[in-house]
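The values are calculated or read from the model by the stated rules, or taken from the named source; none is laboratory data. It should be emphasised that the depicted structure is a prediction, and the values quoted were computed from it without experimental measurement. Here the Cβ positions follow ideal geometry from the backbone for every residue, glycine too, while neighbour counts run over all protein chains shown.
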Amino acid sequence: MKEFEGSTVREISALTAATLKASTDIPSVIVPDGYSLQSMEKLQLAPSRIRQKVNLISPGSLIAYIQQFRDERTAVFADKTTTSITAVLDYHQSATSANWGDHKAEYNCPFSDDWREWKSSDKVKMDQGDFGEFLENHIHNIAPVGDDYKGPSGTELLEMVLAFQETRKAEFKSVRRLNDGTYQMAFSDEKSGSGNTSLPEKISLAIAPFHNGQPYQLDARIRYRLRDGQLILWYELIEPKKIVEHAFQEIVVDMENQLGEDLPIYEGSI
């Protein structure tokens, strides 16, 4: 009788184990205390598949990474709204062959320091001293890329700014636009008397939108407001969004050329 009972227990145990067996290539075991399923993958010499997300800081690094790990499953997505490019190395191979998509590499097109500084102060109203100091600290960006630029050079603008800063305690009477594309600002000062100083109506910047990228010509209009003898100044960048979109598209096109026609880049996000 006891032998029969022992045989029955073993049969029930074997039947239960067979019912709970997981259908997977990863070795697993049923552990007591609730009989939860525990993967034994961490005890293998290597993982069963790559689970990795890599953040890269240059387009060249992303291309090199894709070339090293790509296979027939690899897909690349370019999202111009976030200026990011994501490669999924183990993407779905076809409509009937799903994959996990756990192996990703991403390049977020980080903006350059100069671009962030000019963009953060765009349309920000400043007093005369702060505006002159901002231009002086960023005078290295006054370098037009194109040949059609007719505004002041960096040296010429610096001379204007230094002369302009000397009038920070003056009372401004009027501002008028001259035919040469500059603002002439009339002022009076208790020490120096009356006089004129000038700033350009528009300046052109040579700035790389992305870190370690190619510079683009970005124009900015100088704006002003005269109130009770005080001069308020600011600048407005002209279509900076188009510059970013063009720079991002140039990166995508270069990647397409280097990766080849067999690995298209999809416009969108993942």
field: Filter result (surrounded by 15 or more Cβ atoms within 10 Å (Cβ to Cβ) and assigned to a loop (DSSP other than H, G, I, E, B)) within the stretch 125-140
entry: 138
message: β-branched (Val, Ile, Thr), touching a Pro at 6+ places or on another chain (Cβ under 9 Å) and in the same structural domain as residue 175 (by TED's automatic domain parsing): is that true of residue 251 in this structure?
response: no
- prompt: Taking the stretch 103-124 as the region of interest, how many residues are surrounded by 14 or more Cβ atoms within 10 Å (Cβ to Cβ) and either in a loop (DSSP other than H, G, I, E, B) or touching a strand residue (DSSP E or B) at 6+ places or on another chain (Cβ under 9 Å) (or both)?
  reply: 15
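Has the stretch 229-240 got any residue that is outside any strand (DSSP E or B), modelled with pLDDT of 90 or more, under 33 Å from the mean Cα position of the chain (by Cα) and exposed (fewer than 15 other Cβ atoms within 10 Å of the Cβ)? Spell out the reasoning first.
Here is the first cut: in the stretch 229-240, the residues outside any strand (DSSP E or B) are 229, 238-240.
This time we only want the ones that are modelled with pLDDT of 90 or more, so: 238-240.
Keeping just the survivors that are under 33 Å from the mean Cα position of the chain (by Cα) gives 238-240.
After this cut, where a residue has to be exposed (fewer than 15 other Cβ atoms within 10 Å of the Cβ) as well, the list is 238-239.
Yes, the stretch 229-240 contains at least one residue that is outside any strand (DSSP E or B), modelled with pLDDT of 90 or more, under 33 Å from the mean Cα position of the chain (by Cα) and exposed (fewer than 15 other Cβ atoms within 10 Å of the Cβ).
Among the residues of the stretch 255-265, count how many are touching a residue at least 12 places away in the same chain (Cβ under 8 Å), surrounded by 12 or more Cβ atoms within 10 Å (Cβ to Cβ) and more than 17 Å from residue 110 (Cβ to Cβ).
Number satisfying all stated conditions: 4.
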query: Does the stretch 115-138 contain any residue that is within 28 Å of residue 254 (Cβ to Cβ) and modelled with pLDDT under 85?
result: no
query: Looking at the stretch 156-190, which of the residues that are at pLDDT below 75 and of a type in the set (Val, Ile, Thr) is nearest to the chain's Cα centre (by Cα)?
result: 161
query: Out of the stretch 58-102, which residues are part of a loop (DSSP other than H, G, I, E, B), of a type in the set (A, V, I, L, M, F, W, C) and within 14 Å of residue 264 (Cα to Cα)?
result: 89
task: Give the stretch 196-228 a look and list any residue that's part of a strand (DSSP E or B), of a type in the set (S, T, N, Q) and over 19 Å from residue 155 (Cβ atoms), or say none.
output: 196
task: Report whether or not residue 55 is polar (S, T, N, Q) and assigned to a strand (DSSP E or B).
output: yes
- prompt: Just a yes or no: is a residue in the stretch 255-265 modelled with pLDDT of 90 or more, within 25 Å of residue 58 (Cα to Cα), assigned to a loop (DSSP other than H, G, I, E, B) and touching a Lys or Arg at 6+ places or on another chain (Cβ under 9 Å)?
  reply: yes
